[in-house]
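The structure appears right after this line, and notes come after that.
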Ligand code: DGL
């Protein structure tokens, strides 16, 4: 098969990355997408860096073995802790890897005036990748980072609007009320809580990295000569547990039911091991 015809591989710890799939579909309806939600091991956001990295390697390795032309890490926590190692292994296999943090930072810098807020999982905020990248690219900006772990649970429950969501958003976002002009939604679950977040911070520009990531994927594919045109793109979904719940919850994230969804077992061989094997086998 021509490499251009392979799907774009996308993964997240669960349903959150479907917000990135929705943006990819909108921008590139002619591309096929193969999505993997690691629903057996969600959440990644509370786990240690080495565990997140190990999970990400396993998931990416599975996608690569199925055949993908590019890999999108549609999870901020996995991007924080595994993007470098995935990019390295991807380069050995000639598979470009795109994370969600750099596109989000670029989009934030384009709108920020003086003070950028970052919200994400405990892991993403502890890993500090957003703040470091912002400080490097725009040292004049003030940056405040806040973990909002309950937002993931609210999005998963579908409690994204109303009194409970508003009260939790108010409580978390209070420290951002003093001059923050731009807020990065540094978790793929958070775009679902846009209404509650905007109600708590009415004059703040919200940056959802899904759209910025989709643009970054598009230009990466173009740069590698991998962009596909003139085709009716299809999406397929793989999960490591509970496909019924993934379809039910994922419908809110994707805007339609994520189907067909297949339950899979992750193989033992991770992406780094696969890359080593491929390099050894090449003449
Ligand atoms: N989708 C994950 C992220 O963007 C959040 C959910 C999780 O903790 O696994 O960081």
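The values are calculated or read from the model by the stated rules, or taken from the named source; none is laboratory data. On a predicted model such as this, the values are computed, not experimentally measured, just so you know. Cβ sites come from the backbone with ideal geometry, for glycine too, and all protein chains shown count toward neighbours.
Below are the figures for this structure:
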| item | result |
| --- | --- |
| Residue match in the range 4-21 (condition: within 15 Å of the ligand (Cβ to nearest atom), surrounded by fewer than 20 Cβ atoms within 10 Å (Cβ to Cβ) and under 21 Å from residue 243 (Cα atoms)) | no |
| Residue 201 vs. criteria within 16 Å of the ligand (Cβ to nearest atom) and within 24 Å of the chain's Cα centre (by Cα) | no |
| One residue from 213, 182 being surrounded by 20 or more Cβ atoms within 10 Å (Cβ to Cβ) and more than 14 Å from the ligand (Cβ to nearest atom) | 182 |
| Subset of the range 195-209 [assigned to a helix (DSSP H, G or I) and over 14 Å from residue 164 (Cα atoms)] | 198, 209 |
| Hits in the range 230-256 - residues which are touching a strand residue (DSSP E or B) at 6+ places or on another chain (Cβ under 7 Å), under 18 Å from residue 155 (Cβ atoms) and outside any helix (DSSP H, G or I) | 237, 239 |
| Selection count, the range 63-121, where residues are outside any helix (DSSP H, G or I), more than 23 Å from residue 3 (Cα to Cα), within 15 Å of the ligand (Cβ to nearest atom) and in contact with a helix residue (DSSP H, G or I) (Cβ under 6 Å, 6 or more places away or on another chain) | 4 |
| Any chance residue 275 is more than 16 Å from the ligand (Cβ to nearest atom), assigned to a helix (DSSP H, G or I) and over 22 Å from residue 78 (Cβ atoms) | no |
| Residue in the range 82-90 that is more than 17 Å from the chain's Cα centre (by Cα), at pLDDT 95 or above and more than 25 Å from residue 221 (Cβ to Cβ) present | no |
| Residue list for the range 122-160, restricted to those being part of a helix (DSSP H, G or I), within 16 Å of the ligand (Cβ to nearest atom) and in contact with a strand residue (DSSP E or B) (Cβ under 8 Å, 6 or more places away or on another chain) | 122, 124, 125, 126, 130, 131, 151 |
| Filtered residues of the range 218-237 (kept if under 19 Å from the mean Cα position of the chain (by Cα) and under 16 Å from residue 22 (Cα atoms)) | 218, 235, 236, 237 |
| So residue 168, is it crowded, with 18+ Cβ neighbours inside 10 Å and over 22 Å from the mean Cα position of the chain (by Cα) | yes |
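Every residue, every condition in (1) modelled with pLDDT of 95 or more; (2) under 17 Å from residue 257 (Cβ atoms); (3) out of contact with any helix residue (DSSP H, G or I) (no Cβ under 7 Å at 6 or more places or on another chain), yes or no:
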position: 1; (1), (2), (3): no, no, yes
position: 23; (1), (2), (3): yes, no, no
position: 40; (1), (2), (3): no, no, yes
position: 55; (1), (2), (3): yes, no, yes
